[in-house]
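The values are calculated or read from the model by the stated rules, or taken from the named source; none is laboratory data. Quantities reported herein were computed from a predicted structural model and do not represent experimental measurements. Counting neighbours? That spans all protein chains shown, and the Cβs are built from the backbone with ideal geometry, glycine included. Surface accessibility is based on the protein's heavy atoms, side chains included, excluding ligands, DNA and RNA. Shrake-Rupley method; radii C 1.70, N 1.55, O 1.52, S 1.80 Å.
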There are 2 protein chains.
Amino acid sequence: MKNVNNSKLRIIPLGGLEQIGMNITAFEFEDSIVVVDCGLAFPEDDMLGIDLVIPDVSYLKQNLSKVKGFVITHGHEDHIGALPYILKDINVPVYSTKLTIALIENKLKEHNMLRTTKRKVVRHGQSINLGKFRVEFIKTNHSIADASALAIYSPAGTVVHTGDFKVDYTPVYGDSIDLQRFGEIGKKGVLALMCDSTNAERPGITQSEKTVGRTMDTLFAEHCNSRIIVATFASNVDRVQQIINSAYKYNKKVVIEGRSMVNVISTAAELGYINVPDNTLIEIEQLNNYPPEATVLITTGSQGESMAALSRMAQNLHRRVHIMPGDTVIFSSNPIPGNEKAVSKVINELSAKGANVIFQDAHVSGHACQEEIKLIYSLVHPKYAIPVHGEYRHLKAQASIAEQLGIEKENIFVMRSGDVIEMDENSAKIVDKVHTGAIFVDGLGVGDVGSIVMRDRQHLAEDGIMIIVLTLDKGSNTLLSGPDIVSRGFVYVRESEDLMEQARAVVYDAVEKCLDRHITDWGKMKNVMKDALGDYIRKKTKRNPMILPIIMEV
Amino acid sequence: MKNVNNSKLRIIPLGGLEQIGMNITAFEFEDSIVVVDCGLAFPEDDMLGIDLVIPDVSYLKQNLSKVKGFVITHGHEDHIGALPYILKDINVPVYSTKLTIALIENKLKEHNMLRTTKRKVVRHGQSINLGKFRVEFIKTNHSIADASALAIYSPAGTVVHTGDFKVDYTPVYGDSIDLQRFGEIGKKGVLALMCDSTNAERPGITQSEKTVGRTMDTLFAEHCNSRIIVATFASNVDRVQQIINSAYKYNKKVVIEGRSMVNVISTAAELGYINVPDNTLIEIEQLNNYPPEATVLITTGSQGESMAALSRMAQNLHRRVHIMPGDTVIFSSNPIPGNEKAVSKVINELSAKGANVIFQDAHVSGHACQEEIKLIYSLVHPKYAIPVHGEYRHLKAQASIAEQLGIEKENIFVMRSGDVIEMDENSAKIVDKVHTGAIFVDGLGVGDVGSIVMRDRQHLAEDGIMIIVLTLDKGSNTLLSGPDIVSRGFVYVRESEDLMEQARAVVYDAVEKCLDRHITDWGKMKNVMKDALGDYIRKKTKRNPMILPIIMEV
């Protein structure tokens, strides 16, 4: 790979920095763009009514002819979830490992896009050529099988992108992370390392997934006379494998419950990523054929998601599973920040039904802690460090690790989404900023709920709405009916009759004044009504409902 | 105290169980009721627009003549915050320790109720007589000074209520918890122990508040060349004392910032609960007269509350304090469950402005862990155990500790709010359930936002509102104007003109059909329009906005 024109490599994170989720990064060299990952984010609390959030890829659309393909590191939603939406505008091939492609195909099927999307399965160790780039897939470990780091070779130099990873010397399935290859590539010279920052604030190392298997065995032994329900992440195939192993060891039948878990596990089973002993899995309908203590349920809902199987069981809303005193419920998960209260609610509900709830020490993280990050830096030995995957505090924590390891401060870049960094052997610099953003998906609508609609929802949520309606005679400019006031989400009208009656009088006075003064500009009249009612309500209630005047003319 | 009629003691928690906050418990014996604590709860995420939540005390109102007084264990909001609201209906004297009464008086002043409310300061070791009860205040330790446990003596026996507590052998101010008195009372025979469950899931002991002072000294030494900002709980007077001590030691001036912290600390200083060396405190206006590294700010906002001082600093919205690179910000707090994301947001914003943020190991809890709970049980040795203060999981955890300590399972009561337990030496039993609940405070309104209004707000928040307006001629039953559709929080109309145009056509058809069929029942016509529009919108968008038809007649 010769850099004939002395061009520079441009790296442009289009999402995923300053936040967890929505990971997507463009690598650009001359006429070629390769995009790494294409994830969604789950809505924040103030994004009312939003189902999910996808990145604004205007930059890719403006450079459509350059885009050679999507290269995906692993099959988690925050790395693949936006693909069906983005591929509609940017229909280029998608490259990844076998399980990852299979999970992407599940999504494409739902969106009826399987036929129109090119996919290619890549093995670890294999490379693909995409325009001026070559991209090599390197085996890593993570909380989903088939995760990859990427070595992105360009004429301006090599970038190593870890994806989400941990170092697991004793993985449940397949090989350990290919540390040798990291070392080999590093020895040849790496321009930049883009490394997972999620756990960069945590000292030490992340425990092997296998330790959870040992914990499960102990817990299953301790509670072998009770029905066991284990909640975990739908996509953690190795975790499910270990729970199945423990169940088999203690001679229990296993039910997999929850739509997303059934999807992932059946895909993983078809592809051979999970190994279920014969006669171990049963259908949920068969549950009643066995004594409770001979059964195990592996279920979704470990984050307290209100519609997930475990939450429905906890609330007695599940059609087939009812929590009984003596049930043992194991949370094989930690609450993701923001989900603590929801998880606690489910724990309370389960406890109140007599279940014995275990929510500690049955989980390990899928992300590298500080000592693992140091290991990768030492193997790759990059000139530039660009911490990725995490909120600002996490990126900053990794930046400080990189500095401790001797990378010069001016070679460490804590980037923001949209920043354009240009680099080659001689220098690296943030040179530009491109448009990025979050696009809301609400039902079938993609992007039709923007900041104005969201502000309205927040206003409505806070104090409700008061609607003023009146009918005017166009000719004589006289009031024919109204003003009436209808409210929703403000006060319970039957218990606030006086307030509403007085509010109507206030608006009536305002209208009369306008008509007396022969104001025929309805916009103006609306503002007068709005101000009069708003002032009155604020004074009486210290609240600020949305006020919407509607004038009908006949 | 002789139990002449062999009456039983009734204990009725009116709030505070199955939740954190809103602590209030009635103790009833014959014609006397004593109420322990009167706290508020902060709104849950789904309580849109609500400022705070207070308990429904219908039971006390129905038994008004029996109520002898409120006995308050300590000055935290979840124990005193509902007093101004409840005292309006139940105007009885309030009894507590000096600092607690002073903090209650601050509240009463705001509500203009100081003149109409009787208060009495009680010292630790002192008892008060309230009808058939005698209540003794016992010194404990907690994250606010002047916390008390209560021994509640009735003719049917003695109940010990710990309030919120921990065992601190080396408190910052005043004495250690009066363990001797717990032992003495226990030796005489205690019917029931109502013990703080907040940390009942945590093994071991809670560290002394003094350990935070040592940490502060270390952090101040390490960062003595930088301005230091410490965020902590406004009411933790001992914490503020220790931060001031460290500041003094390192020759720094201290600013107290944030309304609630200024309030509590000035009250505490007036009463002698905090000891500030001369020339240490300065006003925030004087901050610029000193080099940054010679100053310390102690501020509110440790929970990421969006309007608190630290959050405003982090967002550059604070009038006088601007975060500078090199500032050291210490969170002397842990996020309360539910606040994790808000805290993380502030940490990110502070880091992004170049501050060095320390958020670990500069805090200890104010609540007893398992070994301290065991200690209190062993000293009090109650016949019955009633775990209090906590969610169900926490009550359950304490119940299991009580069982381990040899209390018979049938003598342990995990109660729910409203449960009435009757007890004496011979038996204890939940015999009844009284009405309880949460009353929403929104602005000046107390209770005018109920479940219907809340459901409307949730609906509005989720998908917005579509309003259909039309004017009909009353005589001829013909359409004079409309139907018009106005929406808020649904879609941005300018970008969805087609959808809105077609929606209008759908409604128009529905109206025409009604008029053709001579339907004159407007309720029916409204339903027809609502269904037609709802079906159309659901089909087109998979959304479910609130639909509100308004018919004007002239």
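Using the Cα atoms of the range B:96-210, I'd like the radius of gyration and the largest Cα-Cα distance, Dmax, both in angstrom.
Cα only, the range B:96-210: 15.6, 46 Å (Rg, Dmax).
With axes computed from alpha carbons, what is the tilt in degrees of helix B:522-541 against the longest principal axis of chain B, rounded to the nearest 10 within 0 to 90?
Helix B:522-541 and the main axis of chain B meet at about 80 degrees.
Using only alpha carbon pairs under 8 Å that are at least six residues apart, calculate the relative contact order of chain B and give it in whole percent.
Averaging sequence separation for qualifying contacts and normalising by length gives 15 percent for chain B.
Whole number in Å², please: accessible area per residue of the protein assembly as shown, 1.4 Å probe, ligands, DNA and RNA not counted.
41 Å²
Sequence neighbours fewer than 8 away in the same chain don't count; with that in mind, list the aspartates and glutamates whose C-alpha is under 15 Å from B:Lys88.
B:Asp56, B:Glu105, B:Glu110
In the protein assembly as shown, carbon and sulfur make up what percent of the accessible area (probe 1.4 Å)?
47 percent
Taking the Cα centre of each part, how many Å lie between the range B:484-518 and the range A:216-235?
54 Å
Work out the charge dipole of the range B:62-204 with +1 on the Cβ of Lys and Arg and -1 on the Cβ of Asp and Glu about the Cα centre, then indicate which of B:His76, B:Pro93, B:Gly186 is farthest towards its positive end.
Farthest towards the positive end: B:Pro93.
With every atom except the alpha carbons ignored, what do you get for Rg and Dmax of chain B, in angstroms?
Considering chain B through its Cα atoms, Rg and Dmax are 28.7, 88 Å.
Within the range B:474-508, which trypsin sites (Lys or Arg not before Pro) sit in a loop by DSSP and count at most 13 neighbouring Cβ atoms inside 10 Å? Could the numbers behind the result be given before it?
Numbers: sites: B:Lys474, B:Arg488, B:Arg494, B:Arg504; in loops: B:Lys474.
Of the trypsin sites (Lys or Arg not before Pro), the ones in loops of the range B:474-508 whose Cβ has at most 13 other Cβ atoms within 10 Å are B:Lys474.
How far, in nm to one decimal, is A:Asp361 from itself in the other copies if the label point is set 7 angstrom along Cα toward Cβ? Shortest first, please.
Spacings between copies for this position, smallest first, are 2.3 nm.
Averaged over peptide A:384-393, how many Cβ atoms belonging to another chain are found within 10 Å of each residue's Cβ?
Mean inter-chain Cβ contacts per residue within 10 Å come to 3.
What is the set of long-range amide H partners of A:Gly418 at a cut-off below 5 Å, with H atoms built 1.01 Å from backbone N?
A:Leu14, A:Gly15
Please report the Cα spread of the range B:209-358 along all three principal axes, rounded to whole Å, starting with the longest.
Projected onto its principal axes, the Cα set of the range B:209-358 covers 36, 32, 30 Å.
As a quick test, which of the pairs B:Lys61/B:Lys107; A:Lys540/B:Lys474; A:Lys474/A:Lys530; B:Lys383/B:Lys429; A:Lys526/B:Lys513; A:Lys374/B:Lys345 have an alpha carbon distance above 24 angstrom in this structure?
Correct reply: A:Lys540/B:Lys474; A:Lys526/B:Lys513; A:Lys374/B:Lys345.
Need the per-residue list for the range A:30-55: every residue with at least 40 Å² less accessible surface in the complex of protein chains than in the chain by itself, probe 1.4 Å, sorted by number.
SASA drop of 40 Å² or more in the range A:30-55: A:Gly49.
What shape does the range B:451-553 have by the C-alpha gyration tensor, where a ≥ b ≥ c are the square roots of the eigenvalues, rounded means a/c under 1.5, and otherwise prolate means a/b greater than b/c and oblate the rest?
Values: a/c = 2.05, a/b = 1.51, b/c = 1.36.
Here the range B:451-553 falls in the prolate category.
As an exercise, use a Förster radius of 22 Å and the Cβ-Cβ distance of A:Lys409 and B:Met324 to find the FRET efficiency, rounded to the nearest 0.05.
0.75
What total accessible area, in Å², is buried where chains A and B meet, using a 1.4 Å probe and rounding to the nearest 100? Walk me through the numbers before you get to the answer.
Values: alone 25400 and 25380 Å², together 45500 Å².
Buried surface at the A/B interface: approximately 5300 Å².
Enumerate the amide H contacts of B:Ile412 below 5 Å, restricted to partners 5 or more residues apart or on another chain; note that Pro and chain-start residues carry no placed amide H.
B:Ala385
Quote the charge dipole size of the range B:209-358 about the Cα centre in Debye, to the nearest 20; the model charges only the Cβ of Lys and Arg (+1) and of Asp and Glu (-1).
The calculation lands at about 240 debye.
Reported to two decimal places, what Rg/Rh ratio describes the range B:202-251 when computed on Cα atoms with Rh from the Kirkwood expression?
With Rg and the Kirkwood Rh in hand, the quotient comes to 1.02.
Need one number: % antiparallel among DSSP beta bridges in the range A:209-358, to the nearest 5. Intermediate results must be reported in sequence, preceding the final value.
Values: 0 of 17 bridges.
Here the share of antiparallel DSSP bridges comes out near 0 percent.
Give the nm distances, rounded to one decimal, from A:Tyr492 to the matching residue in every other copy, measuring between label points 7 Å along Cα toward the beta carbon; shortest first.
3.8
Report the charge-dipole magnitude of the protein assembly as shown in Debye, nearest 20, computed about the Cα centre from +1 at each Lys and Arg Cβ and -1 at each Asp and Glu Cβ. Please report the intermediate quantities before stating the final value.
Numbers: 122 positive and 136 negative charges, 76 e Å.
With only Lys, Arg, Asp and Glu charged at Cβ, the dipole is about 360 debye.
Please report, largest first and rounded to whole Å, the three semi-axes of the ellipsoid equivalent to the protein assembly as shown, where each semi-axis is the square root of five times an eigenvalue of the C-alpha gyration tensor.
48, 43, 33
I need the GluC sites (Glu not before Pro) found in the range A:17-122, filtered to DSSP loop residues with at most 11 other beta carbons within 10 Å of theirs. Walk me through the numbers on the way to the answer.
Details: sites: A:Glu18, A:Glu28, A:Glu30, A:Glu44, A:Glu77, A:Glu105, A:Glu110; in loops: A:Glu18, A:Glu30, A:Glu44.
For GluC sites (Glu not before Pro) across the range A:17-122 that sit outside H, G, I, E and B with at most 11 neighbouring Cβ atoms in 10 Å, the list is empty.
Mind listing which trypsin sites (Lys or Arg not before Pro) in the range A:335-412 are in a DSSP loop and have 13 or fewer other Cβ atoms within 10 Å?
Listed in order of number, the matching sites amount to none.
Tell me which lysines have Cα within less than 22 Å of B:Lys252's Cα, excluding those fewer than 8 residues away on the same chain?
Once the sequence-local lysines are set aside, what remains near B:Lys252 is B:Lys210.
Tell me, which residues of the range A:311-342 get at least 10 Å² less accessible area when the other protein chains come in, versus the chain alone (1.4 Å probe)?
A:Pro337, A:Gly338, A:Glu340, A:Lys341
Going by alpha carbons, how many degrees (0 to 90, nearest 10) lie between the helix axis of A:340-352 and the longest principal axis of chain A?
It works out to around 90 degrees.
At B:Asp516, label 7 Å along Cα→Cβ: distances to the other copies, nm, ascending?
4.8
To the nearest 500 deg cm²/dmol, what mean residue ellipticity at 222 nm is calculated for chain A from DSSP H runs of n ≥ 4 alone, each contributing -39,500 (n - 2.57), summed and divided by the residues?
That calculation yields -9500 deg cm²/dmol at 222 nm.
If contacts are Cα pairs under 8 angstrom and at least 6 residues apart, what is the relative contact order of the range B:451-553 in percent?
After rounding, I find 37 percent.
Nearest-5 percent of antiparallel DSSP beta bridges in the protein assembly as shown? Don't skip to the answer; put the middle values down first.
Values: 98 of 184 bridges.
So the antiparallel bridges amount to about 55 percent of the total.
Could you sort B:Asp484, B:Asp196, B:Asp217, B:Asp45 by their accessible area in this structure, using a 1.4 Å probe and putting the largest first?
B:Asp45, B:Asp484, B:Asp217, B:Asp196
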